[in-house]
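Take a look at the structure below.
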């Protein structure tokens, strides 16, 4: 459900998110007329009275219910900060979420969210592959807290996922379904609606939470909340930040759930700071422009790679054939194929390394979604800590290269790939 405030309308008509990114939630008259929200670089805030301080803390710690016209006051920047609050208001717009919580990193968002809803003895099922850091959290860290995890292949049918849930529930209560879609780095889609049906079917006194990492497509090209997800997660370092100069994470969803996540964030101290919030607000103003340019560029790059004799296979959503089961999921969930491409060179790691070492324009670095094009080798970099046998089963081969297409001219990106492939 949309939570647009009255300022989100003009002459009775709702304004579009790309318009609202220019000032939603911020009033210049409250900050000396500054057209952009200043950085509130402060650790603490002054109360006008002891009674006001008491009232603020009562709300912050859930000691009483919030009044109908009462707003949460500013206390301490670990709890709230004007930059963070305005940013969170704006982040809800693309996904039409009720509320948002911003974190110091994507992993902070994922780990805090999981710890909010998982308890010792619970089980969680998850899609595979996922980002290497998430994989380590799921398989190495959560078991230390008494949580058992079970994986299912990204792209699995609803029946296959249901069978995994059946095995998982023999070990404990199902508490969460976590999916990353498209999967990093294979671009395989997970059917969010199927997972939502299963989460509801297995919910009892405690709700089974469906959390979706939507980093690869970002809030423009896929909106998981509309397909039944309870929570959507982003590494805001990627497309939302988009300039390789900020580390951040986001969790969005219903106010009830985000309130619980924020409660854990307050105690764990995983929130983002005011400088990070300022940079993300800057980036949101150009999000649609950047992501649209990157998406268009990626189409040209993917077509070039698909026709090249030294490329064995291309993993790109824009090239799904109609007889591919993923094609139907793509058209149900996604409005565009995004700008992430993985491909396998003819050969193995040595050939992939030759290509990467020969690049000039495309930067060899991890991360994605930035204005500059980036390339990396998932098996030895972002997914290096994933079990080698599991990596191969997931399709993360030694020959795979992952490219995040930037906003450069597509002919220049292709020229760089062409000369690098010539050396393979």
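The values are calculated or read from the model by the stated rules, or taken from the named source; none is laboratory data. For clarity, every value in this text was computed on a predicted model and none was experimentally measured. As a convention, Cβ positions derive from the backbone with ideal geometry for all residues, glycine included, and neighbour counts pool all protein chains shown.
Please enumerate the residues belonging to region 175-207 that are closer than 20 Å to residue 113 by Cβ and surrounded by 24 or more Cβ atoms within 10 Å (Cβ to Cβ). Step through it out loud before you land on a result.
Here is the first cut: in region 175-207, the ones closer than 20 Å to residue 113 by Cβ are 175-184, 190, 192, 195-196, 198-200, 202-203, 206-207.
Scanning region 175-207 gives 176, 177, 178, 179, 180, 181, 182, 183, 184, 190, 192, 195.
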### Task
Please work out if residue 62 is at pLDDT below 85, over 25 Å from residue 94 (Cβ atoms), touching a helix residue (DSSP H, G or I) at 6+ places or on another chain (Cβ under 9 Å) and not in a helix (DSSP H, G or I).
yes
## Note on the structure
Every listed condition ((1) at negative phi; (2) over 15 Å from the mean Cα position of the chain (by Cα); (3) outside the structural domain of residue 349 (by TED's automatic domain parsing)) holds for residue 300 save (3)
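Picking from 212, 123, 160, 179, which residue would you name as being part of a strand (DSSP E or B), over 18 Å from the mean Cα position of the chain (by Cα) and more than 13 Å from residue 394 (Cβ to Cβ)? Full working, then the answer.
Details: 212 fails: over 18 Å from the mean Cα position of the chain (by Cα); 160 fails: part of a strand (DSSP E or B); 179 fails: over 18 Å from the mean Cα position of the chain (by Cα).
When all the criteria are applied, what remains is 123.
Output yes when any residue across region 242-254 is more than 26 Å from residue 18 (Cα to Cα) and either surrounded by 22 or more Cβ atoms within 10 Å (Cβ to Cβ) or in contact with a strand residue (DSSP E or B) (Cβ under 7 Å, 6 or more places away or on another chain) (or both), and no when none is.
Taking region 242-254 and keeping what is more than 26 Å from residue 18 (Cα to Cα), we get none.
For region 242-254, residues more than 26 Å from residue 18 (Cα to Cα) and either surrounded by 22 or more Cβ atoms within 10 Å (Cβ to Cβ) or in contact with a strand residue (DSSP E or B) (Cβ under 7 Å, 6 or more places away or on another chain) (or both): absent.
The rows are residues; the columns are (1) within 22 Å of the chain's Cα centre (by Cα); (2) buried (at least 18 other Cβ atoms within 10 Å of the Cβ); (3) free of Cβ contacts under 8 Å to residues at least 60 places away in the same chain; (4) closer than 22 Å to residue 238 by Cβ.
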residue: 304; (1), (2), (3), (4): no, yes, no, no
residue: 324; (1), (2), (3), (4): no, no, yes, no
residue: 328; (1), (2), (3), (4): no, no, yes, no
residue: 339; (1), (2), (3), (4): yes, yes, no, yes
residue: 347; (1), (2), (3), (4): no, no, no, no
residue: 362; (1), (2), (3), (4): no, yes, yes, yes
### Query
Are any residues in region 369-399 more than 15 Å from residue 129 (Cβ to Cβ) and either in contact with a helix residue (DSSP H, G or I) (Cβ under 8 Å, 6 or more places away or on another chain) or surrounded by 18 or more Cβ atoms within 10 Å (Cβ to Cβ) (or both), and if so, which ones?
369, 370, 371, 373, 374, 375, 399
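Using the structure shown, decide if residue 290 is crowded, with 18+ Cβ neighbours inside 10 Å, in contact with a strand residue (DSSP E or B) (Cβ under 6 Å, 6 or more places away or on another chain) and under 30 Å from residue 99 (Cα atoms). Before you say what the answer is, go through the steps one by one.
Details: crowded, with 18+ Cβ neighbours inside 10 Å: yes; in contact with a strand residue (DSSP E or B) (Cβ under 6 Å, 6 or more places away or on another chain): no; under 30 Å from residue 99 (Cα atoms): yes.
Taking the combined requirement at face value, the residue does not satisfy it.
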#### Entry: Members of region 6-22 that are surrounded by 10 or more Cβ atoms within 10 Å (Cβ to Cβ) and either outside any loop (DSSP other than H, G, I, E, B) or touching a helix residue (DSSP H, G or I) at 6+ places or on another chain (Cβ under 8 Å) (or both)
7, 8, 9, 14, 15, 17, 18, 19, 20, 21
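Being in a loop (DSSP other than H, G, I, E, B) and either modelled with pLDDT under 95 or farther than 16 Å from residue 335 by Cα (or both) is the filter here; which residues of region 271-320 pass it?
Initially, region 271-320 is screened for residues in a loop (DSSP other than H, G, I, E, B), giving 272-273, 285-286, 307-310, 316, 320.
272, 273, 285, 286, 307, 308, 309, 310 - these are the residues of region 271-320 that are in a loop (DSSP other than H, G, I, E, B) and either modelled with pLDDT under 95 or farther than 16 Å from residue 335 by Cα (or both).
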### Message
I need the full set of residues from region 386-424 which are assigned to a helix (DSSP H, G or I) and within 20 Å of residue 358 (Cα to Cα), in order please.
### Response
410, 411, 412, 413, 414, 415, 416, 417, 418, 419, 420, 421
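In the set 84, 174, which member is assigned to a strand (DSSP E or B) and either within 21 Å of the chain's Cα centre (by Cα) or touching a residue at least 40 places away in the same chain (Cβ under 8 Å) (or both)?
Values: 84 fails: assigned to a strand (DSSP E or B).
After ruling out the rest, the residue left standing is 174.
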